[in-house]
Amino acid sequence: MFWQTFDPQALLIKFGPIQIYWYGLFLALAVLSAALVIRFLLKYQNGTLTKNEASDVVFFTIICGFIGARLWHILFYNFSYFWKNPLEIFQVWHGGLAIMGGVLGGLIFLFIYSRKKKKSIFDLVDLLFVALPLAQAIGRVGNYFNQELFGPACNYAWCIFIAPLNRPNELLSVKLFHPTFFYEAILDLLLFVWLFIIYIKKKDYFSGQIFWLYLLGYSIIRFITEFFRLDAGRVGWNLNWVQFFCLLILILALFKLLPRTKLWFIMKRLFSRKLRK
């Protein structure tokens, strides 16, 4: 297969001192795609944002999300390295953006904006979080050219070639590895389609539903894909700290979503009848 012999390079093109990287290109495509989806969804919202307001909110949410994603990666993934190499903090084209930090950074801005403009925070996040998994799916393609976020060695038709420079020392003789970033990209894309349909149809919809469904869906996705990452150190029960965090978010999302489901009302009625008897 082509991807089992091709050695991707991080640099896309160079014009003198100007260098454009594949990672940066896909980040730009991710932002553009998310912005277009949000613009399309404005006609399905409840009047929370005008077109001009939406443009401002998207822009500043992306900026704050980008800062949060970088800080999260620096603080929780390889702090000692960045402490010794502070200039590397600004070299984002080498990779190193954590989606959890990005979500937190974006949420902080949206919270401040909603309080200042007296708008519903959940209406805001519902609109923006529909497009978020699409942006994640596109952005993950950039990991391929950086040769990062790959998984254990494998020998299937979809396994990808990793250059010796990027392989773990104990696996230098192995050529093919699981494309973990691709697994997450496919699942993110499915999550986007699901949330997009729910937002447009708005059947039995409540404010904040997209937000909690996103947290539920992405927590499951991330929990699964973390098993296929070599850079994730295990801390207990063969799980890493990210997976424990995912479980926490998953429980919180279920706590918010289950009382809104028909199954919950059915169980509540059955339980009430038993108590009466």
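Every read-out reported here was derived from the displayed coordinates using simple, explicitly stated rules and does not represent laboratory data. Remember, predicted model here, so these are calculated numbers, not experimental data. Virtual Cβ from ideal backbone geometry, glycine too; neighbours counted across all protein chains shown.
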Efficiency of FRET between LEU42 and SER173 - r from beta-carbon atoms, R0 45 angstrom, step 0.05: 0.25
- line: Length gained, LYS84-PHE2, 0.36 nm per residue minus C-alpha separation, equals 25.7 nm
query: Long-range amide H contacts for TYR21: which residues qualify at under 5 Å (H placed 1.01 Å from N, peptide plane, sequence gap of 5 or more or a different chain)?
result: LEU12
statement: Here Rg/Rh (Cα, Kirkwood) for the stretch 1-43 equals 1.21
statement: Given 66-77, 139-150, the highest-first ranking by average Cβ count within 10 Å works out to 139-150, 66-77
field: Scaled radius of gyration (Cα, divided by 2.2 N^0.38 Å) that the stretch 28-101 gives
entry: 1.40
- prompt: Measuring from centroid to centroid over Cα atoms, what is the spacing of the stretch 69-111 and the stretch 29-54 in Å?
  reply: 26 Å
Under the Debye formula (equal points on every Cα, no solvent term), log10 I(q)/I(0) of the stretch 112-270 at q = 0.10, 0.14, 0.15, 0.20 Å⁻¹: -0.49, -0.83, -0.91, -1.26
- line: Note to self: Kirkwood Rh of the stretch 102-185, Cα pairs, one decimal, Å, is 15.4 Å
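Pairs LYS118/LYS203; LYS116/LYS201; LYS116/LYS203; LYS201/LYS256; LYS43/LYS117; LYS43/LYS256: which exceed 23 Å Cα-Cα?
Details: LYS118/LYS203 26 Å; LYS116/LYS201 30 Å; LYS116/LYS203 30 Å; LYS201/LYS256 21 Å; LYS43/LYS117 20 Å; LYS43/LYS256 27 Å.
Listed pairs above 23 Å: LYS118/LYS203; LYS116/LYS201; LYS116/LYS203; LYS43/LYS256.
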task: Set the Förster distance to 35 Å, then compute FRET efficiency between ASP56 and LEU11 from the Cβ-Cβ distance, nearest 0.05.
output: 0.55
